[in-house]
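Chemist: What follows is a single structure, and I will ask about it in a moment.
The values are calculated or read from the model by the stated rules, or taken from the named source; none is laboratory data. Because the structure is predicted, anything quoted here is derived from the model rather than measured. Using ideal geometry, Cβ is built from the backbone for each residue, glycine included, and neighbour counts are taken over all protein chains shown.
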Amino acid sequence: MVNWVARSVVEDFYRAYISRDAQRIGALLDDEVEWHVAGPAEVMQVCGYWHGKAAVIDRFASVVPQFIEFKNFQIEHLLIDGDSSALFGRITVKHKSSGRIIAHRVAHIVRYRNGKVIYFRCINDSLDAAEQFIGRTIDLTTTAAGTSAEPTEV
């Protein structure tokens with residue numbers, strides 16, 4: 001049987017998430033939450049895997065503030081079905097070491113149990129974000145074999 005999540009729970013979670021307040025976020029997490037932010041952690045140090053409420057709270061309180069300063073989060077689409085929500089949006093942050101403003105698309109898949117987040121998966125547009133983190137544009141006009149990446153008619 002599916003444990004349905006109320007829209008108000010999802011909205012409360014995203015208000016806390018946007019606040020970036022580690023304790024406020026933590027209040028909405030299950031003790032055994034799985035938190036995964038996809039992307040190249042070597043470049044985007046806020047990416048990785050955290051297990052447990054204490055680890056996720058530490059991520060927001062200690063890890064994230066070392067590398068980025070949150071600026072804005074725009075929710076473009078938010079869907080709720082059964083015990084899950086799916087989001088598509090855009091995040092804007094300031095990269096602390098370079099001062100660059102970084103904005104890229106994100107998608108979230110979140111599962112809830114008893115009004116708490118038990119699973120969070122963030123999928124970043126990691127090519128766009130990584131380019132901005134390192135401060136350069138990757139040339140995609142050629143493929144690995146050296147041929148043109150331009151589409152051809154078939």
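Chemist: Would you tally the residues in the range 16-30 being within 22 Å of GLN74 (Cα to Cα) and part of a strand (DSSP E or B)?
Modeler: Number of matching residues: 1.
Chemist: Let me ask you something else. Can you tell me which residue in the range 21-77 is surrounded by the most Cβ atoms within 10 Å (Cβ to Cβ), limited to those that are over 21 Å from LYS94 (Cα atoms) and aromatic (Phe, Trp, Tyr)?
Modeler: TRP35
Chemist: Please enumerate the residues belonging to the range 40-61 that are more than 19 Å from SER98 (Cα to Cα) and at pLDDT below 95.
Modeler: Within the range 40-61, just GLY48 meets the criteria.
Chemist: Check whether at least one residue in the range 104-121 is modelled with pLDDT of 90 or more and loosely packed, with under 14 Cβ neighbours inside 10 Å, and report yes or no.
Modeler: Yes.
Chemist: Kindly provide the set of residues from the range 31-64 that are more than 20 Å from TYR14 (Cβ to Cβ), outside any strand (DSSP E or B), over 14 Å from the mean Cα position of the chain (by Cα) and not β-branched (Val, Ile, Thr), ordered by number.
Modeler: Within the range 31-64, GLU42, GLY52, ALA54, ALA55, ASP58, SER62 qualify.
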